[in-house]
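Notes to accompany the following structure.
FYI, it's all coordinate maths here, none of it is from the lab. Quick caveat: nothing in here was measured; it's all calculated off a predicted structure. Cβ placement follows ideal geometry from the backbone for every residue including glycine, while neighbour counts extend to all protein chains displayed.
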Amino acid sequence: MDMRGVMRLDFRTLAVSAAVVVVGISAVGVAGATQKASQKQPKPGKVTFAEHIAPIVYKKCASCHRPGEVAPFSLDSYDEVKKRADMVALVAGSRQMPPWKTKPTDVPYANENRLTDAEIQMFQRWAEDGAPKGDMKKAPSPPPAVKDWSMGKPDLVLQMPKPFKLGATGTDEYWNFVIDPGIKEPVYVQGIDAKPGNKRVVHHIIAYLDDSGRSTKMAQGPKARDGGYLTTGGGIGTNPSGSFGGWAPGVAPSMLPAGVGYLLKPGTKIVLQVHYNKSGKEEIDQTKIGLYFLKGQVKAPAKIAWLANPLINIAPGDNHATFTQTVTLPADAVLYNVMPHMHKLGKAMKATAVFADGTKKVLVDVPDWDFNWQLVYAFKQPMSLPKGTKIVIEATYDNSTANPFNPNNPPKRVTWGERTSDEMMLLVATVSTKGKSEYID
Ligand code: HEC
């Protein structure tokens, strides 16, 4: 049934052979900050916290590893990092941290947060040498305090209508909260950020748009409470008219380029879908979202395209089920960012743009998929993709018992669906077509 929801959306917009391009789901969040790696090479035997380690952890780790942020402990002082020197060296070496899952590709990213090989070596030598402190006068100043909103004050802050009470135990739940933005004029939204009311239970958030009034009725229906209604997570229980915002834990937000934004019209409701994990005790959440409006001239409306393969069919026991999907762009487009999306059987995903002359550009290449890090990879330069360009997506799944995240034991046949025990093969892309409405309306 979840699958039908997606297919409905697909046919409403555009279907290209077996592949589909769906408009409406947004994730403008991006991970990490744009930071230059510290390329300073250590002198032999002289790796210290003050001179070598502090510059790296303050820039590349402390955005999450400090009080009030998503990581479970802080890495924002000598004592905190020293305590975990070996573990830090280990996760740096395996590239488990910082969470930046794509290999370097043919296109540079605006939001890359990745360690250089030299930095990894520094962590390892520092741990081996017993984590010396060095002369703290030479250390950079500690990272600044967490700001309430990392992109500055939003133009509009909206919140769930009431504090929402989530039960203690059971499976994940998807609640949809209907919010009236109360705007009088159409606006373009250039960026969105979310402040979960309760980080223990908020797994991710998608802001859908509804101009039909149906979500408002559902929020007053039999399954509704506290201004929200329950769905299986497939969608919001009705065809959304669009979307412009997604947020996942640990994913820092970013703005679309100057002049590019998502259209929001007066009367349209924002339906905030919150995916909750249970924590073992009753929890209260009242999540907020902040919208940043585009100022100045609108150059291109942004839309979200889903490049999906809803026909995936993964046999039980198959530890290397590979699927390829090709989407041919029916019009000229500009691509701003991509977000690979799979569930817990996902192993690897790669997307490549193949131009008419045969030139290829790898857009994203995640060799070691991690369901917990649904990252948006934002391109430094928006990419022009002429009509006829093919986007080739390859995805691999592990549906064997060797996959520790396999939700089924023994493994079962798994097909497309919205529950985390179903699977997806999806590349979510933010695009604009400079008014070429045959592609994206
Ligand atoms: C985008 C947020 C983010 C950034 C940036 C980040 N971390 Fe983490 N880190 C986390 C979260 C969240 C966890 C908890 C485990 C998980 O969800 O993967 C974690 C876990 C860890 C762990 C424990 C791993 C384990 O297996 O228990 C270590 C060690 C660590 N991080 C070190 C680092 C270092 C070193 C950096 C910088 C080079 C860094 N992290 C950057 C969010 C982040």
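Exceeding 22 Å between C-alpha atoms, which entries from my cross-link table qualify? They are 101/288; 103/278; 60/288; 162/269.
The pairs that break the limit, which is 22 Å between Cα atoms, are 101/288; 103/278; 60/288.
Simple spin-label model, 7 Å along Cα-to-Cβ: residue 322 to residue 116 in nm?
3.4 nm
Among 356, 410, 382, whose Cα projects farthest towards the positive end of the dipole of the stretch 337-441, with charges put on the beta-carbon of Lys, Arg (+1) and Asp, Glu (-1)?
356
Give me the distance in nm between label points sitting 7 Å out from Cα along the Cα-to-Cβ direction at residue 87 and residue 311, one decimal.
4.6 nm
Kindly flag which residue pairs out of 184/265; 344/390; 59/303; 223/281 have an alpha-carbon separation exceeding 20 Å in this structure.
Pairs exceeding the cut-off: 344/390; 59/303; 223/281.
Given the stretch 156-301, what whole percent of its Cα pairs are spread farther than 26 Å? The partial results should precede the final answer.
On the way: 2394 of 10585 pairs.
Roughly 23 percent, once rounded to a whole number.
Per the Cauchy relation, a quarter of the hull surface: what is the mean projected area of the convex hull of the alpha carbons in the stretch 326-372, in nm²?
Here the figure is 4.2 nm², rounded to one decimal.
Amide H neighbours of residue 287 under 5 Å, at least 5 residues apart or on other chains, H built in the peptide plane: list them.
The list, which skips near neighbours in sequence, is 160, 197.
Using amide H atoms built 1.01 Å from N in the peptide plane, name the residues 5+ places from residue 66, or on other chains, whose amide H lies under 5 Å from its own.
Distant-sequence amide H within range of residue 66: 71, 75.
Could you list the residues of the stretch 280-315 with an amide nitrogen less than 13 Å from a label point located 7 Å from the Cα of residue 384 in the Cα-to-C-beta direction?
The answer is none.
Explain nothing, just compute: Karplus ³J(HN,Hα) = 6.51 cos²θ - 1.76 cosθ + 1.60, θ = phi - 60°, for every residue of the stretch 87-93 in order, whole Hz, x for Gly and Pro.
Values per residue, Gly and Pro as x: 5, 4, 4, 5, 6, 5, x Hz.
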